[in-house]
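Undergrad: One structure coming up, written as C-alpha cells, with questions to follow.
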Amino acid sequence: MALLRERVPAGVAALVGVALAAPSVVAPTWRLTTLDSERGVMLFDQQDWGWGRSELLGAGGAVVQDLQNPFGLVLLVGLLALTAAGAVAWVVTTSPWASAAPVASAALLGRLATTVSERHGRSVRDDVHGLAATGSSTVAGTSESLAAVLLCVAVLLMVLSLAHWRMPSAWVARLRRLTDERRGTDPTADEAVTTGRPRSTISSRPAGEHLSGPAVGLGDPERDKT
C-alpha cells in the first residue's frame, strides 16, 4: 500500500482531531463551582463529561452524586476508533471501503459539535440569593473544541477529494510563476511546460544581430567568379 500524498492533509487533520478529543473520555470538559458569596465557602463542585457523565462533589471533596452514561461512553469511544481507522485507510488505499472515512469523521464531528455548543452556551457566572455559580471549560474541554475544528477541516477536504476537485490550471501556473520570481529563476520555463507553447528565442540571440539580414549563400566563391 502506497501513501496517497493528496489525501495526507485530510488524514492528518482527522488523526490529530481524534488525539485531541481522546482526553474527554477520561477527563471532565466542564466544571461548575457554587460558592457562598458571604462566607466564601465552596458548597458544590460539579464536573461534567462530554459523553454524559456528571459528578457532584460537596464540601471537603465528598461525592454527593455521580451519574454515569455507559451508552454515551461506548458511542464516543467507538466513533474515535472508527475515525482513526478510517483516517489511516484514507491515506493508504483507494478502495471503496475507504470512503467510510468521511462518514465516520462527520459522525464524530456531529457528536463533538453538540457537546461543544452546549458547553459554550452555558452561563459563565450567576449570582442568586447569595450563591455564586462559576462555570468554565477545562483543559480537556478546550482540547475537544479544537478537535471539532480540525474534524470540520478534515471532512471538508475529504468531500472535495471525493468530488474530484482540483485547483484550476491557471491558478497553478500563476503560483508557480510567483514562486519562480521569488527564487530568482526564469518563470517562462514553467510557463512553457504548463501552456505547451515554446519559449521565445529572441532573447537568446546575440546583441546587435538583426533578424532580417541578407541571405548568405553556401556556394564556392572561386566558381562564382568564373
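The values are calculated or read from the model by the stated rules, or taken from the named source; none is laboratory data. Everything quoted here is computed from the prediction, not taken from an experiment. In this analysis, Cβ positions are derived from the backbone assuming ideal geometry, glycine residues included, and neighbour counts consider all displayed protein chains. Note: accessible area is taken over every heavy atom of the protein model, side chains too, but ligands, DNA and RNA are not part of it. Shrake-Rupley method; radii C 1.70, N 1.55, O 1.52, S 1.80 Å.
Undergrad: Return yes when residue 63 is out of contact with any Leu (no Cβ under 9 Å at 6 or more places or on another chain), surrounded by fewer than 14 Cβ atoms within 10 Å (Cβ to Cβ), more than 17 Å from residue 150 (Cα to Cα) and among the β-branched types (Val, Ile, Thr) and no when it is not.
TA: Numbers: out of contact with any Leu (no Cβ under 9 Å at 6 or more places or on another chain): no; surrounded by fewer than 14 Cβ atoms within 10 Å (Cβ to Cβ): yes; more than 17 Å from residue 150 (Cα to Cα): yes; among the β-branched types (Val, Ile, Thr): yes.
So residue 63 fails the test.
Undergrad: If you don't mind, another one. Does residue 30 count as open to solvent by less than 60 Å² (accessible area, probe 1.4 Å), more than 13 Å from residue 151 (Cβ to Cβ), in contact with a strand residue (DSSP E or B) (Cβ under 6 Å, 6 or more places away or on another chain) and among the aromatic types (Phe, Trp, Tyr)?
TA: Details: open to solvent by less than 60 Å² (accessible area, probe 1.4 Å): yes; more than 13 Å from residue 151 (Cβ to Cβ): yes; in contact with a strand residue (DSSP E or B) (Cβ under 6 Å, 6 or more places away or on another chain): yes; among the aromatic types (Phe, Trp, Tyr): yes.
For residue 30, the condition - open to solvent by less than 60 Å² (accessible area, probe 1.4 Å), more than 13 Å from residue 151 (Cβ to Cβ), in contact with a strand residue (DSSP E or B) (Cβ under 6 Å, 6 or more places away or on another chain) and among the aromatic types (Phe, Trp, Tyr) - is met.
Undergrad: Next up: Select from segment 1-27 the residues that are open to solvent by 60 Å² or more (accessible area, probe 1.4 Å), under 21 Å from residue 95 (Cβ atoms) and assigned to a loop (DSSP other than H, G, I, E, B) and list them in ascending order.
TA: Of everything in segment 1-27, those that are open to solvent by 60 Å² or more (accessible area, probe 1.4 Å), under 21 Å from residue 95 (Cβ atoms) and assigned to a loop (DSSP other than H, G, I, E, B) turn out to be 1, 2, 3.
Undergrad: May I pose another question? Quick check on segment 82-93. Is at least one of its residues open to solvent by 60 Å² or more (accessible area, probe 1.4 Å) and farther than 22 Å from residue 23 by Cα?
TA: no
Undergrad: Here's something else I'd like to know. Contact list please: Cβ distance under 7 Å, first residue in segment 79-100 and more than 11 Å from residue 14 (Cα to Cα), second residue open to solvent by 50 Å² or more (accessible area, probe 1.4 Å) and among the basic types (Lys, Arg), pairs at least six apart or on different chains.
TA: Taking only residues 6 or more apart or on different chains, the pairs are 79/111.
Undergrad: So, in segment 122-153, exactly how many residues are more than 14 Å from residue 31 (Cβ to Cβ) and at pLDDT below 75?
TA: Number satisfying all stated conditions: 5.
Undergrad: Within segment 27-47, take every residue that is in contact (Cβ under 8 Å) with a residue 40 or more places away in the chain and touching a helix residue (DSSP H, G or I) at 6+ places or on another chain (Cβ under 8 Å) and give me the one that is farthest from residue 161 (Cα to Cα).
TA: 43
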